[in-house]
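**Q** Please see the structure below; I have some questions.
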Amino acid sequence: MRSKVLTYMGFAKKSGNLVSGVNTCTFNMGRGKVRLMILAEDISPGSEKKIMKEIRRYKVKHVKYGSIDEMSRATGGQGRSVFGILDDNFAETILKAIEDECGKR
């Protein structure tokens, strides 16, 4: 069964409220557009170090969730480990869904 988080990420992508990839997310954080960063649990150490530097710099909320494969598949991409949510409502909804899902484990 597909999780609510992945479904919401797919909706965010379709509505233009999701960006992916380290460089694209960094660019959008610099413009003040990113409301939530989602990092895959299996992100490479180099990518994690680079994106965390920018997350701290721009003071963006972030969370680790899921695998690269499942999140890339849900958003229609391939091999992406970093996702930026650009809409406040999507960010809140996804955070709540992650909290609910992790609380049930």
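The values are calculated or read from the model by the stated rules, or taken from the named source; none is laboratory data. Quantities reported herein were computed from a predicted structural model and do not represent experimental measurements. Ideal geometry is used to build each Cβ from the backbone, glycine not excepted, and the neighbour counts take in all protein chains shown. These area figures cover heavy atoms from the full protein model, side chains too; ligands, DNA and RNA do not enter into them. Shrake-Rupley method; radii C 1.70, N 1.55, O 1.52, S 1.80 Å.
**Q** Which condition breaks for V19 when tested against (1) assigned to a helix (DSSP H, G or I); (2) in contact (Cβ under 8 Å) with a residue 40 or more places away in the chain?
**A** Of everything listed in (1) assigned to a helix (DSSP H, G or I); (2) in contact (Cβ under 8 Å) with a residue 40 or more places away in the chain, V19 misses just condition (1).
**Q** Is there a residue being open to solvent by 60 Å² or more (accessible area, probe 1.4 Å) and more than 28 Å from G103 (Cβ to Cβ) anywhere in region 12-23? Please lay out each step first, then the result.
**A** Narrowing region 12-23 to residues open to solvent by 60 Å² or more (accessible area, probe 1.4 Å): 13-15, 23.
Now restrict to residues that are more than 28 Å from G103 (Cβ to Cβ): 23.
Checked against the condition, which is being open to solvent by 60 Å² or more (accessible area, probe 1.4 Å) and more than 28 Å from G103 (Cβ to Cβ), region 12-23 yields at least one hit.
Results for (1) touching an Asp or Glu at 6+ places or on another chain (Cβ under 6 Å); (2) in a strand (DSSP E or B); (3) farther than 15 Å from I94 by Cβ, shown as yes or no for each residue.
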position	(1), (2), (3)
T26	yes, no, yes
M29	yes, no, yes
K50	no, no, yes
R56	no, no, yes
M71	no, no, no
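**Q** Give region 66-105 a look and list any residue that's among the β-branched types (V, I, T) and open to solvent by 50 Å² or more (accessible area, probe 1.4 Å), or say none. Give the steps one after another, and end with the answer.
**A** Here is the first cut: in region 66-105, the residues among the β-branched types (V, I, T) are 68, 75, 82, 85, 93-94, 98.
Residue satisfying the conditions is T93 alone.
**Q** Of everything in region 29-65, what is buried (at least 19 other Cβ atoms within 10 Å of the Cβ), under 20 Å from S15 (Cβ atoms) and of a type outside the set (V, I, T)? Give them in sequence order.
**A** If the condition is that a residue be buried (at least 19 other Cβ atoms within 10 Å of the Cβ), under 20 Å from S15 (Cβ atoms) and of a type outside the set (V, I, T), then M29, R35, L36, M37, Y65 are the ones that fit.
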